[in-house]
Amino acid sequence: MNEHEVPSLRRQVETAVSDAISQALPELAGADPVVRRSEHADFQANAALALAKRARRKPADLAASVADALRRGIGTDTDTDADTGTPVASVTVSGPGFINLVASDTALWRQVAARLASRHLGVGTPQQGRRTVVDYSGPNIAKEMHVGHLRTTIIGDCLSRVLGFLGAEVLRQNHLGDWGTQFGMLIEYLDEHPDVAWHHDELSDGTSTVSALNILYRAARAVFDADPDFADRARRRVVALQAGDEASVTRWREIVAESEFAFSEIYQRLGVLLTAADSAGESFYNPWLPEVVGELTQAGIAVESDGALCVFSAEITGPDGEPVPLMVRKTDGGFGYDTTDLATIRYRIRDLKADRILYVVDARQALHFQLIFEAARRAGWLTDDADVTHVSYGTVLGPDGRPFKTRSGDTVKLMDLLDTAVGRAREVVTEKAHDLDPAELDQIAEQAGIGAVKYADLSTSRTKDYTFDVDRMVSFSGNTGVYLQYAHTRICSILRKAGDASAPVDTTLAPHPAERALILALDAFGDTLTEVGQTLEPHRLCGYLYDLAKAFTDFYEACPVLSVAQPTRGNRVALCRLSAETLRRGLNLLGIAAPERM
């Protein structure tokens, strides 16, 4: 436990139940106490049902023995948990062997005070010391970012934030598609048409560099197909670029820089933490490809097959029953993205010294990454010292249940999608009574629209597809980002009216049932983040924040804050402060703004 951590009541109860199991049945010491939240008490321990067979006792009898041991640990004064070392105030047994546990009032309020006093909200750093590479976004140079880049960018950024908050040393990696034969064609076309505008400072508002480059590439392709002489010049340009010709490389770098400028505009709008310094495109690994192939060949892992060099899987077979191959060198001697991805994983393990590598990439690439990871293990690069995971995700669907497209069937540009969400959010915010000036309305519409898109993505289990429904996304009710943002603004409004909110928490007060429910919800923040760090499932944090917002609403409806006397007022203001800080921190970890007015 680090200096900032405040162990949750659930973890404290787990410790108390574990100690009681050891006292009642020493032979079962160390068994999982199976503690969870309960509708019938604060917590419920179901260990007796799981352990009865091993103990050769009826679950109810075993539960009674554990409950007796717990009661002996409580002592006679239910509010002296600081002395007894347990937060438990009462224990009962119900049903076939459920152990119901109620936390003491003092323990509840102490958790509130301790979390407020911690700049980390009491959350521990279980990922401390883990050097973690997160590979996400990965757009292609000279091409517009589209809806297909949405999930990798948003999910990857959220996981980077959460893991960093939990103590990991996070290395963001943007694996850009910045190499290949198409660049020879584009560079040749640009050199032969020097007057065409494509730099960001030459373009009109609303036109991005990559959009202009994409149009120019299509023009170059048309000339390539129609003019054999241009096609020959383009092919020679590819050779020159790959050979390091200074003029060709200079123009290529210019294209990359202009594309990254356009990407950065989208990242800034999305509130994504990626910068140009995080980019390590395919070209970065190009010098090492022959070396990678040489290592695989020398180790006997890569073998000749019909003129190509392949690594045949020892674990996966295709429909024909034959081992599935990775092509590490083509028949013409060139290299493809299989080789680049092998060089990438080798670099991240050998040079970046990563303990953990996360590839936030479409689920359709599952087989490819299975083959890459297997080859890396066989080559000895990937060992038990490093954990590598393909963090797969589903597809964004349109209203027709098919992959999201424009009416004409084209891929939806990411910037256009964001414009649509922000525009609809502006309409929804405007419909509510407000005293916002135009500049504030612009800012809130942007925060609400972008937050709505990100929350809709993150609140869905990442392995599932979801439908892009902008009207549902920007709703002020239901499980939406806007609902959480609005909940945060309501709490901020209460705190502004409260003025001085520094009164100490009185731990002797008996909490109202709605206060109790809110305290227990707040106390689960750290446990939830730990689960996200383990499972890599951001929707768990979304679900937690939604439940927390509902618990606050129930509390505020049942418990007046500003009109009650001290010390009740002080405790309730403290609950408001901790709720606001937890919601704000949680939204930040999702990459969503937490406005104070709306």
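What does the charge count around D554 come to, taking other residues whose C-beta lies under 12 Å from its C-beta (Lys +1, Arg +1, Asp -1, Glu -1)? Combined, the nearby Lys, Arg, Asp and Glu give -1.
Just the number please: accessible area per residue for the chain, 1.4 Å probe, all protein chains included, in Å².
Heavy-atom accessible area per residue stands at 44 Å².
F263 sits among other residues whose Cβ lies under 14 Å from its own Cβ, and their net charge, with Lys and Arg +1 and Asp and Glu -1, is -3. Each residue of the stretch 516-531 was assigned a 3J(HN,Hα) from its phi angle through the Karplus curve 6.51 cos²θ - 1.76 cosθ + 1.60 (θ = phi - 60°); the sequence is 4, 4, 5, 4, 5, 5, 4, 5, 8, 4, x, 4, 5, 5, 4, 5 Hz, with glycine and proline shown as x.
Taking amide hydrogens as placed 1.01 Å from N in the peptide plane, the amide H of N140 sits under 5 Å from those of G177, each at least 5 positions away in sequence or on another chain.
For L171, the residues whose modelled amide H falls within less than 5 Å of its own, excluding neighbours fewer than 5 places apart on the same chain, are T132, V133, V134. Note on the chain: Cα-Cα pairs beyond 34 Å make up 54% of the total pair count.
For the chain, what does -39500 (n - 2.57) per DSSP helix run (n ≥ 4), summed and divided by total residues, give at 222 nm, in deg cm²/dmol to the nearest 500? If you can, show how the numbers build up before the last one.
On the way: 22 runs with 311 residues, N = 598.
Result for the chain, helices only: -17000 deg cm²/dmol.
Karplus-based coupling profile of the stretch 444-455, in residue order and whole Hz: 5, 4, 5, 5, 5, x, 5, x, 5, 5, 5, 5, with θ = phi - 60° in 6.51 cos²θ - 1.76 cosθ + 1.60 and x standing for Gly or Pro.
What is the percent carbon and sulfur in the accessible area of the stretch 497-598, measuring with a 1.4 Å probe over the protein chains and ignoring ligands?
Numbers: 1900 of 3910 Å².
Solvent-exposed carbon and sulfur of the stretch 497-598 make up 49 percent of the total.
Remark: the stretch 273-278, residue by residue, has Karplus-estimated 3J(HN,Hα) of 7, 5, 10, 4, 5, 8 Hz, where x stands for each Gly or Pro and the curve is 6.51 cos²θ - 1.76 cosθ + 1.60 at θ = phi - 60°.
Using C-alpha pairs under 8 Å with a sequence gap of at least 6, the mean separation divided by the residue count of the chain gives a relative contact order of 15 percent. With the simple spin-label model, which puts each label point 7 Å out from Cα in the Cβ direction, the R597 to R236 separation comes to 6.5 nm. Could you tell me which of rounded, prolate or oblate describes the stretch 353-432, using a ≥ b ≥ c as the square roots of the eigenvalues of the alpha-carbon gyration tensor, with rounded for a/c under 1.5 and, failing that, prolate when a/b is larger than b/c and oblate otherwise? Since a/c reaches 1.5 and a/b is larger than b/c, the shape of the stretch 353-432 is classed as prolate. Net charge of the neighbourhood of V35, taken over other residues with C-beta under 14 Å away and scored Lys/Arg +1, Asp/Glu -1, is -2. In the stretch 61-197, Cα pairs under 8 Å separated by at least six residues give a relative contact order of 18 percent. The stretch between I316 and H40 holds 94.5 nm of extra length on full extension. This uses 0.36 nm per residue minus the Cα-Cα distance.
Annotation: amide H-H contacts under 5 Å for S313 (H modelled 1.01 Å from N, sequence separation of 5 or more, or interchain): V324, L326.
Can you give the % of DSSP beta bridges in the chain that are antiparallel, to the nearest 5? Can you show the working numbers first?
Details: 24 of 42 bridges.
Roughly 55 percent of the DSSP beta bridges within the chain come out antiparallel.
Taking the Cα centre of each part, how many Å lie between the stretch 124-146 and the stretch 472-521? Each part reduced to its Cα centre gives a spacing of 33 Å.
The values are calculated or read from the model by the stated rules, or taken from the named source; none is laboratory data. Values in this document were obtained by computation on a predicted structure and should not be read as measured data. Note that we place each Cβ from the backbone using ideal geometry, even for glycine, and neighbour counts take in every protein chain shown. To get the accessible areas, we keep the full protein, side chains included, count just its heavy atoms, and leave off ligands, DNA and RNA. Shrake-Rupley method; radii C 1.70, N 1.55, O 1.52, S 1.80 Å.
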